[in-house]
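The values are calculated or read from the model by the stated rules, or taken from the named source; none is laboratory data. If you're wondering where the values come from, they're calculated on a predicted model, not measured in any experiment. Note that we place each Cβ from the backbone using ideal geometry, even for glycine, and neighbour counts take in every protein chain shown. Heads up: the accessible areas ignore ligands, DNA and RNA and are worked out on the full protein's heavy atoms, side chains in. Shrake-Rupley method; radii C 1.70, N 1.55, O 1.52, S 1.80 Å.
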Amino acid sequence: MTTEKSSNQMWGGRFASGPSAIMEEINASIGYDRKLYAQDIAGSLAHAAMLAKTGIISADDHKQISDGLNTILAEIENGKFTFSRKLEDIHMNVEARLADLIGAPAGRLHTARSRNDQVALDFRLWVKNELEKTAASLKILIEAFLIRAEEHAATVMPGFTHLQTAQPVTFGHHCMAYVEMFGRDLSRVRDAIERMNESPLGAAALAGTGFPIDRHMTAEALGFREPTRNSIDSVSDRDYALEFLSIASICATHLSRLAEEIVIWSTSQFNFIRLSDAFSTGSSIMPQKKNPDAAELVRAKTGRITGSLVGLLMVMKGLPLAYSKDMQEDKEAVFDAAESIELALAAMSGMVSDLTVIEASMKKAAGSGYSTATDLADWLVRELGLPFREAHHVTGRAVALAESKKVDLSKLTLEDMQSIHPQITEAVFGFLTVDKSVKSRQSFGGTAPQEVRRQIKYWKKRLIKA
């Protein structure tokens, strides 16, 4: 629907001819910034309403502009709008079509603003909306973990350090570790929204404007807390986009760690969980294979998202104030990262909700590797009054003895134990099973089932307010 021009008429009389083909290719952004159409039109509608209220344009011009913008919005959403590369970007495409529709009044819309504050507004609105979507996705994932944690508050599994069996924990406690991680991601999202909740519209090119505009009016109309307070900064920084990418990168790193555990746990060697067919694929040559491809792809998205963060950091690092055309390179990375993190969060929520926990395998593995050795050391300190370092040494000898006999600690005889320390009594064997071990860890935030359930209760309440 847009009329093509031989050159971009928005540049005015300064340029006698249109850009060369190479310049047009490197300069145009409409191929990707068309994503901002809804934000661009919303900003223009708010700006036009403010111009009319302050008497800068007439009520009749305002009506024609508003009607025209709404027509354009409908055309784009119905797939009837033709985007032109010659018009460079979403702003010029919309403005040119508005001129086609209503003529001269369209030229008054750009009074008291610049493409600099216009794009800063559009992009900020888009990122703010994406952060809200990320927050919603994180809440769904946290809720999925809370359900699994409640189901398995007492399901014993091995806890690992260095990927070696360390101490018995519960699967519910392990799930709650991810609740904490993704809970912090959610808080970072909320903090970022609060920080960026200021409207740059009205900053114009970089110095503000001499027209009697009302920036508070447009800020309120667009859902911002207030307008930005420095016109130079308003158009020259993209830290809100960097913060979005930073949050997405941290969140993706958490997702990647979880994906790695899902990959490991679903192997036949571990056999802790089973993924359904919905999140697995087969092999083209090995009929027995069931591959955790969804988890592997989530793991891979982390490199892509973090690459976007590093890329935009490099774009911004050497730019003098205020606006530079380099900043046109801000959007594709953010668009791609937003799509990636949204997909990764959705996939992980599905896997967490859908996976089958193989409790017997978890419990068997929980008792391997002398995982209750720390419980023996604690018993020696608590019951016999040994200094912990001495208890650690005694326990080490007990492990060595059990290892030589190829038995677990709990299978040593009292005579075996007393050969290491004569004061050890029969009572020690009541503390060397994995069930007793996890039940004893009742410190705040510990793995004892009752403590896991307390933290689940806390997070259910907190999530309502998040």
Report whether or not ALA360 is part of a helix (DSSP H, G or I), small (Gly, Ala, Ser) and in contact (Cβ under 8 Å) with a residue 40 or more places away in the chain.
-> no
Please identify the pairs in which a residue from the stretch 104-119 that is of a type in the set (Asp, Glu) has its Cβ atom under 8 Å from the Cβ atom of a residue that is in a loop (DSSP other than H, G, I, E, B), counting only partners at least 6 apart or on another chain.
-> ASP117/PRO200; ASP117/LEU201; ASP117/GLY202; ASP117/ALA203; ASP117/ALA204; ASP117/ALA205
Conditions (1) of a type in the set (Phe, Trp, Tyr); (2) modelled with pLDDT of 90 or more; (3) open to solvent by less than 40 Å² (accessible area, probe 1.4 Å); number of the one not met by TYR458 | (3)
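What are the residues in the stretch 406-425 that are under 30 Å from PHE171 (Cα atoms) and in a helix (DSSP H, G or I), if any?
LEU409, SER410, LYS411
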Meets criteria (of a type outside the set (S, T, N, Q), closer than 25 Å to ASP89 by Cα and assigned to a helix (DSSP H, G or I)) for GLY311 | yes
Do we find that ILE464 is part of a helix (DSSP H, G or I), open to solvent by 90 Å² or more (accessible area, probe 1.4 Å), hydrophobic (A, V, I, L, M, F, W, C) and closer than 29 Å to ARG184 by Cβ in this structure?
-> yes
Within the stretch 428-449, considering residues that are touching a residue at least 60 places away in the same chain (Cβ under 8 Å) and assigned to a helix (DSSP H, G or I), the one nearest to ALA149 (Cα to Cα) = PRO449
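Look through ASP122, ASP33, ASP40 and report the one residue that is assigned by the TED database to the domain that holds LEU245 and within 28 Å of the chain's Cα centre (by Cα).
Result of the check over ASP122, ASP33, ASP40: ASP122.
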Could you tell me which numbered condition ILE247 fails, if it satisfies all but one of (1) within 30 Å of GLN328 (Cα to Cα); (2) open to solvent by 20 Å² or more (accessible area, probe 1.4 Å); (3) not polar (S, T, N, Q)?
-> (2)
From ALA48, ALA99, residue being without any contact (Cβ under 8 Å) to a residue 12 or more places away in the chain, in contact with a helix residue (DSSP H, G or I) (Cβ under 9 Å, 6 or more places away or on another chain) and open to solvent by less than 50 Å² (accessible area, probe 1.4 Å) | ALA99
Looking at (1) surrounded by 21 or more Cβ atoms within 10 Å (Cβ to Cβ); (2) out of contact with any Ser or Thr (no Cβ under 9 Å at 6 or more places or on another chain), find the lone condition where VAL399 falls short.
-> (1)
Could you list all residues from the stretch 233-263 that are assigned to a helix (DSSP H, G or I), more than 13 Å from the chain's Cα centre (by Cα) and acidic (Asp, Glu)?
-> ASP233, ASP239, GLU260, GLU261
Taking the stretch 184-200, which residues are over 11 Å from the mean Cα position of the chain (by Cα) and surrounded by fewer than 23 Cβ atoms within 10 Å (Cβ to Cβ)?
-> ARG190, ASP191, ALA192, ILE193, GLU194, ARG195, MET196, ASN197, GLU198
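Condition check ((1) in contact with a helix residue (DSSP H, G or I) (Cβ under 6 Å, 6 or more places away or on another chain); (2) open to solvent by 40 Å² or more (accessible area, probe 1.4 Å); (3) modelled with pLDDT of 95 or more; (4) not assigned by the TED database to the domain that holds ILE142) across all residues:
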position: SER308; (1), (2), (3), (4): yes, no, yes, no
position: LEU313; (1), (2), (3), (4): no, yes, yes, no
position: LEU321; (1), (2), (3), (4): yes, yes, no, no
position: LYS325; (1), (2), (3), (4): no, yes, no, no
position: ALA333; (1), (2), (3), (4): yes, no, no, no
position: ALA346; (1), (2), (3), (4): no, yes, yes, no
